[in-house]
Amino acid sequence: MRYQYTSLGSYDLFGWGRPRPTMIKRLIIINLAIWVLTFLTGLDRLIFPIFGLVPKLVWSNLMIWQPVTYMFLHAGLWHIALNMLVLWMFGSELEREWGGIPFLRYYLITGIGAGLVTMLFSLNSTVPVIGASGAVYGVLLAYGLAYPNREVYLYFMFPVKVKYVVGVLALIAFYASLQPGRSAVSHLTHLSGMVIGWLYLKSGWRSTWYRVGQRVSNMQRERQIRKEFLANQKDDRLRRQVDEILDKINTRGYASLSREEQEILYQASVRFSRKDEAN
């Protein structure tokens, strides 16, 4: 299905003039780097069974990393190009709205969840499932929920609202997942990414993660404030000591200082000069 994206975000395809989707950029770089490395070295036949999702091997050989690593492998140029294009076009605005870490969390949850569902429905399969399509379909679903009335141009000619595009893709994936064969497994992965994305967004999990993240952030902020408070207290004590030593120098001379007082002056000069440089 060919489409042309049209919205306020489409005029900022490369992030000029707006906050750049750095997390998506990193995901694309990682996926492209792995794809280039895999196919330039000709190691795809070796890598796919190890790092792709092979349900039987996950259960029998405890290759528990596969539901994660399969997302970063792609079979060919068009496979990775379409996935990364859709990720960039529809995920960029979501990352700008949500933030990088929440978007990455959603991307991983939908991708890994889609892999786990695929495993459950094909326990004895030895065919590697690869690609970020489960996570990408989750991104499409999230975009459709967030911006249902945005338009895309199918075949660069026919304007269709995003909610209808997402709905049609979901129906196609559902119908295809009911058909026997290897393609049914991949379509099940697509459908699972959408379903898990919908559950995540509608069930309040995202809000729960947000509250946990806020709580952790608040704890870190409180710890930093306490650390700065204690450091300021230490600086105040040191300044008072320095003032007393300087008064002593004015009345009795530098030779009257003890070794401890000289060390305090030295430590104070080092500490305050470093703070001045940092500021």
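Details
- Among residues of region 220-261, those that are surrounded by 10 or more Cβ atoms within 10 Å (Cβ to Cβ) and outside any helix (DSSP H, G or I), counted: 2
- Residue 152 modelled with pLDDT of 85 or more, of a type in the set (A, V, I, L, M) and touching a helix residue (DSSP H, G or I) at 6+ places or on another chain (Cβ under 8 Å): no
- Residue count for region 13-37, restricted to those that are at pLDDT below 90 and either surrounded by 16 or more Cβ atoms within 10 Å (Cβ to Cβ) or under 17 Å from the mean Cα position of the chain (by Cα) (or both): 5
- Residue ID - surrounded by the most Cβ atoms within 10 Å (Cβ to Cβ), chosen from residues in region 125-171 that are free of Cβ contacts under 8 Å to residues at least 40 places away in the same chain and in a loop (DSSP other than H, G, I, E, B): 148
- Counted residues, region 68-115 - those being on the phi < 0 side of the Ramachandran plot and without any contact (Cβ under 8 Å) to a residue 60 or more places away in the chain: 21
- Remark: pairs (first residue in region 233-254, touching a residue at least 24 places away in the same chain (Cβ under 8 Å); second residue assigned to a helix (DSSP H, G or I); Cβ separation under 6 Å; 6+ apart in sequence or on different chains) = 238/268; 241/264; 242/268.
- Scanning region 181-203 for residues that are exposed (fewer than 12 other Cβ atoms within 10 Å of the Cβ) and either outside the structural domain of residue 135 (by TED's automatic domain parsing) or at pLDDT 60 or above (or both) returns 202, 203.
- Residue list for region 96-121, filter: closer than 17 Å to residue 68 by Cα and over 19 Å from the mean Cα position of the chain (by Cα): 116, 117, 118, 119, 120
The values are calculated or read from the model by the stated rules, or taken from the named source; none is laboratory data. Predicted model only: the values in this text are computed from it and were never measured. Glycine gets a Cβ as well: all are built from the backbone with ideal geometry, and neighbour counts include every protein chain shown.
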